[in-house]
1. I need the Kirkwood Rh of the range 31-131: take the reciprocal of the average 1/r across all distinct C-alpha pairs and report it in angstrom.
2. What do you get when you divide the Cα radius of gyration of the chain by 2.2 N^0.38 Å, with N the number of residues?
3. Using just the Cα positions, wrap the range 76-190 in a convex hull and report its mean projected area in square nanometres, one decimal place.
4. If you roll a 1.4 Å probe over the chain with all protein chains in place, what percent of the accessible area is carbon or sulfur?
5. Highest mean first, what order results for 181-190, 88-97, 126-135 on Cβ atoms within 10 Å?
6. May I ask you to give the solvent-accessible area per residue for the chain, in square angstrom, as obtained with a 1.4 angstrom probe?
7. Treating the angle as unsigned and between 0 and 90°, give the value, to the nearest 10°, between the Cα long axis of helix 231-242 and the longest Cα principal axis of the chain.
8. Projected area of the range 79-144, taken from the Cα convex hull and averaged over every viewing direction, in nm²?
Amino acid sequence: MGIEIKNVKKEFQLKNSNIEVLQNVDLTIGDGEIVSIVGGSGCGKSTLLRIISGLDFPTSGEVFVDGHKVDGSSRKDIGVVFQEARLFPWSTVEKNIEFGITGKLSKAEKKERIEYYINLVGLRGFEKALPSQLSGGMQQRVNIARSLINEPKALLLDEPFGALDAFTKITLQNEVLKIWEKTKPTLIIVTHDIDEAIYMGNRVIVMSSKPGVVKKVIPVELARDRNRAGNDFAYIKKKVYNEFFEEEEQLAEYVI
């Protein structure tokens, strides 16, 4: 699923003035590509994701998904994963996942699809568990499965692992990449984690804030079995940090 963002601008009205959140954002994302978007708080990363998904709309400019203009209504072929799992506390794992189904399926088809995605995210054996009986990482697996249940062509992830500990975060990053290898959806990941952005993305989009603009597009030309401690990884990390810190002395403090 190819995505084109053309001259997108977004303003919010605050009392008697307008706050410009996004300004003239232009970006093309290829079918099956993984793109990471990084930037400081308030740069409009999450707003841009909502506009792509159809959950919000731009003040001006256009977004096209597979050549079709996004009109402000959500699309079934785009899945969205938020930082908070937002599960129904009274429903089991399988019921929470089933809630995401929007198409007309028979009872047998629903059962088969739910089982498939429960297995895909590694939750077999927890079908009847309630959210309170799951760890944070397991809850996010449910959230991811629910977002995949309609078999979307694109998956948008808004700080999906931000609330998790480092080890769980790395595990889920790898799980999402395994899912991507199997189904090849277009992935857009919004994150504050530079390592995560480089580890997962084919490109890192660096945004500056107030208003949010695309400051730099940095390609990640590394094989998929990426070594976070390798020199090539560190080199790209330095390039990303260089967009935030101008002086070499400042940069050296943040790059290992």
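The values are calculated or read from the model by the stated rules, or taken from the named source; none is laboratory data. Just so we're clear, the structure is a prediction, and the values are computed from it rather than from any experiment. All Cβ positions, even for glycine, are placed from backbone atoms using ideal geometry, and neighbour counts span all protein chains on display. Side chains included, ligands, DNA and RNA excluded: accessible areas come from the protein's heavy atoms. Shrake-Rupley method; radii C 1.70, N 1.55, O 1.52, S 1.80 Å.
1. On the way: mean 1/r = 0.0616 Å⁻¹.
One over the average 1/r among Cα pairs gives 16.2 Å for the range 31-131.
2. Working: Rg = 18.8 Å, N = 256, 2.2 N^0.38 = 18.1 Å.
For the chain, the normalised Cα radius of gyration is 1.04.
3. Working: hull surface 26.3 nm².
In nm², the orientation-averaged hull projection of the range 76-190 is 6.6.
4. Details: 6510 of 13260 Å².
Exposed carbon and sulfur together represent 49 percent of the surface.
5. On the way: 181-190: 19.6, 88-97: 17.8, 126-135: 14.2.
Per-residue Cβ counts within 10 Å, averaged per peptide and sorted highest first, yield 181-190, 88-97, 126-135.
6. On the way: 13260 Å² over 256 residues.
Heavy-atom SASA per residue in the chain reads 52 Å².
7. Between helix and principal axis, roughly 70 degrees.
8. Working: hull surface 17.4 nm².
Mean orientational projected area (the range 79-144, Cα hull): 4.3 nm².
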